[in-house]
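Okay, so here's the structure we're looking at.
The values are calculated or read from the model by the stated rules, or taken from the named source; none is laboratory data. All figures in this text were calculated on a predicted structure; none of them were measured in a lab. Here Cβ is always computed from backbone atoms with ideal geometry, including for glycine, and neighbour counts include all displayed protein chains.
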Amino acid sequence: MAATAGMAPHAEAGAPSGALRQRFISAAVLLPIAFGAAWLGGAWWALVVGIFAMAMAWEWSGICDGQTLTHPFNQAIAPAGLAAMVAVACAVGLTGAGAVPLALASLALGAIAAALLAQGKQGGKRPGWQALGVAYAGLPSVAIVWIRAQPGDGLAALAWMLSLVIAVDTGAYAAGRSIGGSKLAPRISPKKTWAGLGGGIAGAMLIGAVSAFLLELPRVLPLVLVSGALAVVEQAGDLAESAFKRRFGVKDSSQLIPGHGGVLDRVDGWLAVSIAVGAAGYFLGGFAGWMR
């Protein structure tokens with residue numbers, strides 16, 4: 001899950017060759033694991049998603065705690081962070097077992113526990129933010145495990161979502177660099193432009209059209225329009241995570257992935273898309289219609 005859309009590194013001008021080499025090595029290790037688990041589905045996919053969900057919960061809690069995060073094995077984990085990690089791991093496991101309501105209950109209890117444990121610390125380490133981190137890491141993880149588990153449609157939906165996120169990021173990068181223009185949200189992410197958003201939407205709609213053709217859907221337009229809307233969702237997720245990091249004065253969520261920073265840095269837009277697609281499928285019954 002986490003080693004997907006954001007793992008393909010852009011060869012940015014001035015980037016040190018050592019850092020770029022680290023990025024490629026990390027991608028070469030993590031991408032086959034993520035793709036292999038997604039292909040196998042079931043417990044394998046839930047296991048990989050659960051590991052990355054715990055990493056996200058650790059990163060979020062550490063940022064709220066004001067820690068400089070390097071690796072969870074060489075520094076203490078705060079009680080609130082531990083509660084968040086346990087909650088998201090349980091939620092992913094329960095989703096893999098088909099118990100989505102219990103998974104959501106696990107996240108709710110984990111959020112309460114994280115807030116109470118944070119409040120109990122001397123000075124109260126931002127209990128509201130700690131609780132929000134459980135939902136931020138847990139809800140998309142639950143959604144993505146549930147989506148993959150859908151009989152017949154799960155793998156196709158996952159491939160479509162992954163292709164869409166990559167297309168949005170690539171289209172936004174290409175259009176932003178070549179066209180430039182007005183900034184989308186200069187106070188949050190100075191590099192993002194309206195042209196980049198347009199390029200991302202165009203890339204997503206192209207993926208929607210190709211996916212509809214490959215899946216032999218009776219109508220192409222619905223998936224094209226949904227894909228375009230999800231491009232906006234993806235960019236909003238990217239901005240939300242940037243705003244969170246700016247709020248706490250950090251550049252990278254951790255140094256967990258050599259050359260890439262943290263897990264949250266790689267999957268911000270993917271998380272938002274996962275929640276949107278999972279929620280539509282679970283609560284509105286719209287998921288199967290997109291894939292058929």
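Structure notes:
- Selection from the range 240-254 of residues that are in a loop (DSSP other than H, G, I, E, B) and of a type outside the set (Lys, Arg): Phe248, Gly249, Val250, Asp252, Ser253, Ser254
- Reported count of residues in the range 134-173, each being surrounded by fewer than 22 Cβ atoms within 10 Å (Cβ to Cβ), under 19 Å from Leu239 (Cβ atoms) and not assigned by TED's automatic domain parsing to the domain that holds Ala99, is 3.
- Ala131 falls short on exactly one of the conditions (1) touching a helix residue (DSSP H, G or I) at 6+ places or on another chain (Cβ under 7 Å); (2) surrounded by fewer than 21 Cβ atoms within 10 Å (Cβ to Cβ), and that condition is (2).
- Qualifying residue in the range 212-225 (condition: within 19 Å of Tyr173 (Cβ to Cβ) and either basic (Lys, Arg) or within 21 Å of the chain's Cα centre (by Cα) (or both)): no
- Enumeration of residues in the range 83-122 that are polar (S, T, N, Q) and touching a Lys or Arg at 6+ places or on another chain (Cβ under 9 Å): Gln119
- Members of the range 81-123 found to be under 21 Å from the mean Cα position of the chain (by Cα) and not hydrophobic (A, V, I, L, M, F, W, C), listed by number: Gly81, Gly93, Thr95, Gly96, Ser106, Gly110
- Residue match in the range 65-77 (condition: modelled with pLDDT under 60, surrounded by fewer than 17 Cβ atoms within 10 Å (Cβ to Cβ) and not in a helix (DSSP H, G or I)): no
- Residue in the range 199-214 that is part of a helix (DSSP H, G or I), surrounded by fewer than 17 Cβ atoms within 10 Å (Cβ to Cβ), in contact with a strand residue (DSSP E or B) (Cβ under 7 Å, 6 or more places away or on another chain) and aromatic (Phe, Trp, Tyr) present: no
- Condition met for Pro140 (at pLDDT 90 or above, over 27 Å from Ile257 (Cα atoms) and in a helix (DSSP H, G or I)): no
- Among the residues making up the range 143-198, those that are assigned to a strand (DSSP E or B) and either more than 17 Å from Ala272 (Cβ to Cβ) or not charged (D, E, K, R) (or both) are Lys183, Leu184, Ala185, Ser189, Pro190, Lys191, Thr193.
- Selection from the range 36-46 of residues that are closer than 19 Å to Ile257 by Cβ and either free of Cβ contacts under 8 Å to residues at least 24 places away in the same chain or of a type in the set (Ser, Thr, Tyr) (or both): Gly36, Ala37
- Every residue from the range 32-46 that is within 13 Å of Ala149 (Cα to Cα) and in a helix (DSSP H, G or I): Ala37, Ala38, Trp39, Leu40, Gly42, Ala43, Trp44, Trp45, Ala46
- For the residues Gly237, Gly278, the requirement of being more than 15 Å from Asp169 (Cβ to Cβ), modelled with pLDDT of 90 or more, under 15 Å from the mean Cα position of the chain (by Cα) and not in a loop (DSSP other than H, G, I, E, B) singles out Gly278.
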